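Student: Below you'll find the structure I mean.
The values are calculated or read from the model by the stated rules, or taken from the named source; none is laboratory data. Nothing here was measured: the structure is a model prediction, and the numbers come from that model. FYI the Cβ positions are ideal-geometry reconstructions off the backbone, even for glycines, and counts take in every protein chain you see. Note: areas computed on protein heavy atoms with side chains; ligands, DNA, RNA excluded. Shrake-Rupley method; radii C 1.70, N 1.55, O 1.52, S 1.80 Å.
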Amino acid sequence: MKNFIEEVTWRGMLHDVMPGTEEHLLQEMRMAYVGIDPTADSLHIGHLVSVMLLKHFQLAGHKPYALIGGATGMVGDPSGKSNERNLLDAETLQHNQDAIKEQLSRFLDFTSGAQNAAVLVNNYDWMKDFSFLDFIRDVGKHITVNYMMAKDSVKKRLNGEYQEGMSFTEFCYQLLQGYDFLHLYKSKGLTLQMGGSDQWGNITTGTELIRRISSGKAYALTCPLITKADGTKFGKTEGGNIWLSAQYTSPYKFYQYWVNVSDDDAQRFIKIFTFLSKQEIEELTLEHQQAPHLRVLQKRLANEITIMVHGQTQLENAIKASNILFGNSSSQDLKELDATTFLEVFEGVPQAVISKEDIAQGINIVDVLASKSNFLPSNGEARRSLQANSISVNREKVDEQYIVGQSDLINDQFVLLQKGKKNYFIIQVK
C-alpha cells in the first residue's frame, strides 16, 4: 500500500483528517467515498479536488466509491450556501447522473476488473423506499437537535449570517448524508468519507451515526476549498463556472483558464490537479523560476488537465487556437477552427457584417477595409496600409488588387482582417 495521507499532504490537498486515519489506511485495502450532488449535468473544476482525492486513493491501492446524490440532490445541502437550492425532478436528476458518471470515468478506473476498481452508487437506491416515519425512528432518534445545531453550516444560517434562514428540509440534510455513510459502512464495508472542508460537519455526523448505531469506527478526511492567490473564487470567470463539459466550457477556454493562472497559483495547482511526481514538479518549478516569462508551469498544468478532461486531440486544437493570437499560425490553422472557438479566440475584436451576396460577387480589399467595415477610416488610409504591406486577410499578406471572396470564408461566415501584428477586425458574412 502507498501512503495516501502522505501523498495528499505534500500536494496541499489535506485540510482536516480524523485521528487514526493514516494508520487505518496503511493496514490493508480500504474503501472510501466522495458524494456529488447531481445539481447539473456536468461537473465544474470546483469538484475536481475531491475527484482527484478519489483517484489518488485508487492509485494508493484502495477502492474508491463515487456517490451520486440522487436522493440528497432532491433536498439541497446548506453547507456554504446562502440560499435554498432549487429542487430537481427525477428525470432531470437521472440525466445529470448519467452525464456525471461519464465525466468521472475519465479520472477513475471503473471497468478494469481490478480488486480496487471504482464503483458508482446512487443514494436514491436505498432512500427511495425509506418512509419518513422509519427514518425519524431508526435514524433521527440517534442524533440530537443540539448536535445538529452545533454544526457550522447550520449555525451560519440560523445566526443571521445569511438572511434566508434554513428550511426543515435543508436542516435534515446532514442526517441524510450521515445515513449514506452508515448504509455504505454496513452494506459495503466503507470506513472513510472524503469531501471539501465545508463538508466536515456532515461527514462527522456520519461517523457519529456509525458509532452510535453500529458501535463501529469510521473516519473523515477533507480537502481545502481552493481559492486563488488574489482572493477571487477559484473556477469562476466573468462568464461563470469553468465546466468539464465542452458544451458549457469549450476546450479552448478550459485550456486558457489554466494557462492564465498566476505564478503563485500555478505552483499550488500543479500539485493538486495533475499526477506529476514530486520530483517532476520540483524540476518544473525551478525551470519556471529561472524564466517566469515562458510560463512553463502554467503550460504544463494546462496540458495535463486538458488531456485528462478533453483528450489529446482537443488539447492540440486548443494550443493551435491559442497560438493564433501570437502570430504563430497559418491561414490553414484559422480555417480549421470551429465557429465557437474562432469567436472565443477573437472575443472582443470589433466586427462588421457584409452580405453573402456581396462576398459571392467579390469585393476589393480597399472597400472591405474602409467603406464596407470602417476598420480603417478612409480609402486613402486603406491604400497606404496596403502599400506598406501591413494588411493581412486570414493571416496572409495582400495588396491593393486583392478581391475578398467566398474562398476566404472561415466556417462559411468569417473573414479575419489584420493590420500589423495586433490590430484585428472580423468580417461576419450573413
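Student: Looking only at region 225-248, filter to residues that are open to solvent by less than 30 Å² (accessible area, probe 1.4 Å), of a type outside the set (A, V, I, L, M, F, W, C) and touching a residue at least 24 places away in the same chain (Cβ under 8 Å); which one of those is farthest from HIS47 (Cα to Cα)?
Tutor: SER245
Student: For region 372-430, which positions are over 19 Å from GLY362 (Cα atoms), out of contact with any strand residue (DSSP E or B) (no Cβ under 7 Å at 6 or more places or on another chain) and outside any loop (DSSP other than H, G, I, E, B)?
Tutor: Matches in region 372-430: GLY380, GLU381, ARG384, GLN387, ASN423.
Student: With the requirement that a residue be within 20 Å of GLY61 (Cβ to Cβ) and not small (Gly, Ala, Ser), what does region 102-119 give you?
Tutor: Passing the criteria: LEU104, PHE107, LEU108, ASP109, PHE110, THR111, GLN115, ASN116, VAL119.
Student: On to the next question. Which residues, counting only those in region 19-43, are open to solvent by 30 Å² or more (accessible area, probe 1.4 Å) and among the hydrophobic types (A, V, I, L, M, F, W, C)?
Tutor: Those that are open to solvent by 30 Å² or more (accessible area, probe 1.4 Å) and among the hydrophobic types (A, V, I, L, M, F, W, C): LEU26, MET29, MET31.
Student: Further, regarding this structure: Which is open to solvent by 10 Å² or more (accessible area, probe 1.4 Å) and touching a Leu at 6+ places or on another chain (Cβ under 9 Å), of GLY196, GLY201, GLY178?
Tutor: Among GLY196, GLY201, GLY178, only GLY196 is open to solvent by 10 Å² or more (accessible area, probe 1.4 Å) and touching a Leu at 6+ places or on another chain (Cβ under 9 Å).
Student: TYR252: in contact (Cβ under 8 Å) with a residue 40 or more places away in the chain and within 20 Å of VAL51 (Cβ to Cβ), yes or no?
Tutor: The answer is no for TYR252.
Student: In addition: Among the residues of region 137-156, write down those that are in a helix (DSSP H, G or I) and of a type in the set (A, V, I, L, M, F, W, C).
Tutor: VAL145, MET148, MET149, VAL154, listed by residue number.
Student: Turning to a different aspect of this structure: For region 188-211, which positions are part of a helix (DSSP H, G or I) and either free of Cβ contacts under 8 Å to residues at least 12 places away in the same chain or at positive phi (or both)?
Tutor: If the condition is that a residue be part of a helix (DSSP H, G or I) and either free of Cβ contacts under 8 Å to residues at least 12 places away in the same chain or at positive phi (or both), then ARG211 is the only one that fits.
Student: Answer yes or no as to whether GLY46 is at positive phi, surrounded by fewer than 21 Cβ atoms within 10 Å (Cβ to Cβ) and in contact (Cβ under 8 Å) with a residue 24 or more places away in the chain.
Tutor: Considered against the rule, which asks whether it is at positive phi, surrounded by fewer than 21 Cβ atoms within 10 Å (Cβ to Cβ) and in contact (Cβ under 8 Å) with a residue 24 or more places away in the chain, GLY46 comes out as no.
Student: In region 390-430, how many residues are open to solvent by 30 Å² or more (accessible area, probe 1.4 Å) and of a type in the set (Phe, Trp, Tyr)?
Tutor: 1
Student: Among what's in region 332-349 and is acidic (Asp, Glu) and not in a helix (DSSP H, G or I), pick the residue that is surrounded by the fewest Cβ atoms within 10 Å (Cβ to Cβ).
Tutor: Step by step, filter region 332-349, then rank; the result is GLU347.
Student: What are the pairs with Cβ atoms under 7 angstrom where one residue, in region 336-363, is touching a residue at least 40 places away in the same chain (Cβ under 8 Å) and the other, located anywhere, is open to solvent by 80 Å² or more (accessible area, probe 1.4 Å) and β-branched (Val, Ile, Thr)? Sequence gap at least six, or different chains.
Tutor: Between residues of region 336-363 that are touching a residue at least 40 places away in the same chain (Cβ under 8 Å) and residues that are open to solvent by 80 Å² or more (accessible area, probe 1.4 Å) and β-branched (Val, Ile, Thr), the close pairs are GLY362/ILE403; ILE363/ILE403.
Student: Just to be sure before I move on: is PHE275 surrounded by fewer than 19 Cβ atoms within 10 Å (Cβ to Cβ), aromatic (Phe, Trp, Tyr) and at pLDDT 95 or above in the structure I sent?
Tutor: For PHE275, the condition - surrounded by fewer than 19 Cβ atoms within 10 Å (Cβ to Cβ), aromatic (Phe, Trp, Tyr) and at pLDDT 95 or above - is met.
Student: Tell me the residue from ALA318, ALA266, ALA302 that is within 19 Å of the chain's Cα centre (by Cα), modelled with pLDDT under 95 and among the hydrophobic types (A, V, I, L, M, F, W, C), please.
Tutor: Result: ALA318 is the single residue among ALA318, ALA266, ALA302 that is within 19 Å of the chain's Cα centre (by Cα), modelled with pLDDT under 95 and among the hydrophobic types (A, V, I, L, M, F, W, C).
Student: So ASP263 clears everything in (1) within 27 Å of THR313 (Cβ to Cβ); (2) open to solvent by less than 60 Å² (accessible area, probe 1.4 Å) except one condition, right? Which one?
Tutor: Here ASP263 clears every test but (1).
Student: Hey, another quick one. Just to verify a result, which residue in region 91-131, among those that are among the hydroxyl-bearing types (Ser, Thr, Tyr) and either touching a residue at least 60 places away in the same chain (Cβ under 8 Å) or surrounded by 13 or more Cβ atoms within 10 Å (Cβ to Cβ) (or both), is nearest to ALA71 (Cα to Cα)?
Tutor: TYR124
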